[in-house]
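Worksheet: the structure to be examined is printed underneath.
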Amino acid sequence: MAKTKVLFGLLTFVTIGMIIGALLQLIFIRRLEESSGIPHWANDNDADDLRLGLVRPEIISWSPRIIVLHNFLSMEECDYLRAIARPRLQVSTVVDVKTGKGIKSDVRTSSGMFLSSEERKYPLVKAIEKRISVFSQIPVENGELIQVLRYEKNQFYRPHHDYFADTFNLKRGGQRIATMLMYLSDNVVGGETYFPMAGDGECSCGGKMVKGMCVQPTKGDAVLFWSMGLDGATDQYSIHGGCEVLEGEKWSATKWMRQRTTI
Ligand code: PD2
Ligand code: ZN
């Protein structure tokens, strides 16, 4: 009986010792994580919306100012935007400098649609708009409605500026300051976004070697570029185009941002 009691006591002692040891180890690991700077963003809705820790910014040019934001959208966000856009696509237009209205043109041969102001309130769209606003440091209200574009084989968007050359479009919201161009599809050959005045190298644009910088349309990545310089004047160097798609379908989503609120 005495032996059993001793054995039981020993077992209890060892078990309690093991539990305390495990707890001490957990505290130690937690402290180590905290000191290494790895943040604890689990269950943080803001961090989820901003994809903190997932988005990787890469500055590719200061003049014109261009930043590639790798992993900016999740695959689900890309698929969602494509799904709501597909049934509503129409032949894309460009702004007529005389009237400020949209007109069909062979400068741009894609199809596109705009999300509605009602769709801006959908949680997924809201999260994307908030992310665009934080990474660009431009208020959500200054953003135009998101445009989704589809380029099929041989379609392109000739080099142009996103800032307005007409006065009509300046009335609501002022000039366009910056553009966030998000890529929604993979497996595209060609379809690069091309900046002829950036860098002093060469790149492949729709299969042709050109002077400037080209950004590959990688699903989930985004390119943020500025139509105005740090001096507040429109930046002619921000000229850019969508290279010809050689294989596959390129889908992109554009958010243009203005000097003032558009709402
Ligand atoms: O979709 C593109 O690649 C593209 C290229 C240049 C879109 C725009 N500009 C635009 O929407 O302004
Ligand atoms: Zn453009």
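Here are the numbers for the structure shown:
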{"read-out": "10 Å-binned pair-distance histogram of region 173-257 (Cα, whole percent)", "value": "19, 46, 30, 6, 0"}
{"read-out": "Isotropically averaged projected area of region 219-263, using the convex hull of Cα atoms (one quarter of hull area), nm²", "value": "4.9 nm²"}
{"read-out": "Nearest-ten-degree value, helix 2-35 long axis tilted from longest Cα axis of the chain", "value": "20 degrees"}
{"read-out": "In Å, descending, principal axis extents of the Cα set of region 40-85", "value": "37, 35, 12"}
{"read-out": "Per-residue [θ]222 nm for the chain (sum of -39500 (n - 2.57) over DSSP H runs n ≥ 4, rounded to 500)", "value": "-8000 deg cm²/dmol"}
{"read-out": "The chain: radius of gyration and largest Cα-Cα distance (Dmax), Å", "value": "25.6, 104"}
{"read-out": "Rounded to 10°, Cα long-axis angle of helix 123-136 versus longest principal axis of the chain", "value": "80 degrees"}
{"read-out": "Estimated D of region 7-101 in µm² per second, where Rh is the Kirkwood radius over Cα pairs and Stokes-Einstein applies at 37 °C, 0.692 mPa s", "value": "165 µm²/s"}
{"read-out": "Compactness index (Cα Rg / 2.2 N^0.38 Å), region 94-169", "value": "1.28"}
{"read-out": "Magnitude of the charge dipole, region 167-235, Cβ model with Lys/Arg +1 and Asp/Glu -1, debye to 20", "value": "360 debye"}
{"read-out": "Three principal axis lengths of region 14-164 [C-alpha, angstrom, descending]", "value": "84, 38, 33"}
{"read-out": "Residue among Gly17, Leu73, Gly212 farthest towards the positive dipole end of the chain, charges placed on Cβ", "value": "Gly17"}
{"read-out": "Proximal lysine pairs, region 149-263, alpha carbons under 20 Å, eight or more residues apart or interchain", "value": "7"}
{"read-out": "Surface share of carbon and sulfur [accessible, 1.4 angstrom probe, percent] for the chain", "value": "59 percent"}
{"read-out": "Max mean-square fluctuation residue, GNM over the chain, Cα-Cα springs under 10 Å, options Met228, Met213, Met18", "value": "Met18"}
{"read-out": "25 °C / 0.890 mPa s Stokes-Einstein diffusion coefficient of region 152-202, Kirkwood radius on C-alpha pairs, µm²/s", "value": "174 µm²/s"}
{"read-out": "Globularity index of region 106-218, i.e. its alpha-carbon radius of gyration over 2.2 N^0.38 Å", "value": "1.19"}
{"read-out": "Centroid-to-centroid separation of region 191-263 and region 98-174 [C-alpha atoms, Å]", "value": "13 Å"}
{"read-out": "Asn45 versus Gln216: modelled label distance in nm, points set 7 Å from Cα along the beta carbon direction", "value": "3.7 nm"}
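The values are calculated or read from the model by the stated rules, or taken from the named source; none is laboratory data. Note that the coordinates shown come from a computational prediction; the quantities given were computed from them, not determined experimentally. Heads up, the Cβs are rebuilt from the backbone with ideal geometry, glycines too, and the neighbour counts pull from every protein chain shown. Quick note on the areas: whole protein, heavy atoms, side chains included, nothing else; ligands and nucleic acids left out. Shrake-Rupley method; radii C 1.70, N 1.55, O 1.52, S 1.80 Å.
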